[in-house]
């Protein structure tokens with residue numbers, strides 16, 4: 001069951017569902033249909049499941065408010081439990097479907113949550129301030145100080161509607177702040193490398209690192225794919241379904257100053273066309289494009305960052321929301337890439353930053369051991385082991 005506000009949440013569930021289906025389990029995927037054009041046909045049943053609009057979700061993140069009202073969560077619990085009681089599964093696997101912490105228990109179904117480890121209270125790095133409204137007026141340094149002071153209260157405020165819906169159904173809340181609800185499941189599988197996301201030692205035994213879960217749409221490659229030149233480095237730009245598209249012209253302008261080829265993956269702004277050093281297409285699978293990139297520029301989210309790591313490629317993030325900043329804090333901490341705040345893209349010499357990452361041999365040296373770990377990780381085996389235990 002996916003909360004389909006971004007492609008990443010349903011994308012991580014598809015390879016798990018495909019694997020379980022191939023082993024003979026009866027599988028259903030419950031999700032909103034908004035990304036079906038990218039997902040295509042699947043060999044198991046689909047169940048329609050309403051999610052709030054992506055625009056509403058991302059707007060809430062920009063303002064630093066919780067996207068789900070009590071009424072929305074009440075409707076989610078109703079829809080979840082109806083689907084679970086009709087199918088009667090032996091286990092439900094969710095990705096950011098926060099209502100499942102209540103509805104899975106109401107339906108008496110063991111619940112596995114897929115999430116990133118940096119949402120744990122045990123996350124060991126400093127929480128970076130995202131692109132909240134007050135940062136625009138105060139600047140990053142003072143904005144960070146305000147965030148450090150206000151974040152604990154804000155996290156508790158964001159949990160209000162989840163606390164209400166939990167108490168309504170007679171359950172004891174898992175805690176008093178939003179991260180407690182993010183990890184409120186019988187088992188939590190982190191779609192991460194433990195070596196990249198530092199946690200303190202006290203995490204529960206039910207919180208397990210599965211390794212990054214990779215998925216890329218099975219799409220036809222564009223007609224010019226076989227004619228791509230390779231006499232200069234390639235830079236792949238992929239802002240995904242939750243990136244700040246307003247920074248794209250500045251990124252493309254910086255790349256035009258460098259001796260590189262640019263491949264734009266995603267929405268193509270008006271006026272951006274293919275030329276001798278730029279190939280633009282809305283639908284290119286990241287898995288194919290990243291294989292020959294010298295650098296990936298993305299929104300800072302974990303799926304593209306891990307896919308770049310798997311290919312041994314440095315990653316430059318342009319984050320705006322907290323989830324993206326948390327991932328990029330880990331990337332910077334491991335020195336396998338860097339990030340530029342979305343609001344700062346026009347304030348830095350972006351071309352120099354891109355050139356430095358492409359040419360930095362130390363960054364590539366730091367990538368190598370983590371790349372080996374990423375290639376060796378097997379989240380499907382971890383899931384099998386957990387299901388055997390359940």
Return the distance in nm (one decimal) between the two label points of a simple spin-label model at residue 256 and residue 153, each offset 7 Å from Cα along Cα→Cβ. 4.7
Could you tell me how far the Cα centroid of segment 8-30 sits from the Cα centroid of segment 71-91, in Å? 18
Hey, what angle do you get for helix 361-376 against the long axis of the chain, alpha-carbon based, 0 to 90 degrees rounded to 10? 40
Just to confirm the number: angle between the C-alpha axis of helix 379-389 and the first principal axis of the chain, 0 to 90 degrees, nearest 10? 10
For a footprinting-style exposure proxy, rank 236, 330 by other Cβ within 10 Å, fewest first. 330, 236
Between the helical axis of 140-158 and the dominant principal axis of the chain, each derived from Cα atoms, what acute angle in degrees is found, rounded to the nearest 10? 20
Provide 225, 137, 119 in ascending order of the number of other Cβ atoms located within 10 Å of each residue's Cβ, fewest first. 137, 225, 119
Using the Cα gyration tensor of segment 78-211, the equivalent ellipsoid's semi-axes, largest first and to the nearest Å, work out to 30, 19, 12
Show me the three semi-axes of the equivalent ellipsoid for segment 292-339, from the C-alpha gyration tensor (sqrt of 5 times each eigenvalue), largest first, rounded to whole Å. 16, 10, 8
Please figure out what share of the DSSP beta bridges in segment 225-376 is antiparallel and state it in percent, rounded to the nearest 5. 5
Given a Förster distance of 35 angstrom, what is the FRET efficiency for residue 25 paired with residue 195, based on the Cβ-Cβ distance and rounded to 0.05? 0.70
Give me Rg/Rg_expected for segment 291-390, where Rg uses Cα atoms only and Rg_expected = 2.2 N^0.38 Å with N residues. 1.20
Considering all alpha-carbon pairs of the chain, what whole percent are spaced by more than 35 angstrom? 25
If 155, 96, 44 are placed from fewest to most neighbouring beta carbons inside 10 Å, the sequence is 44, 155, 96
Just the number, please: percent antiparallel of the DSSP beta bridges in the chain, rounded to the nearest 5. 5
As an exercise, find the ratio Rg/Rh for segment 225-376 from alpha-carbon atoms, using the Kirkwood inverse-distance average for Rh. 0.93
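Coordinate-derived values only; no laboratory data. This structure is a prediction, so every number in the text was calculated from the model and none was measured. Please note: Cβ atoms are built from the backbone with ideal geometry, for glycine as well, and neighbour counts cover all protein chains shown.
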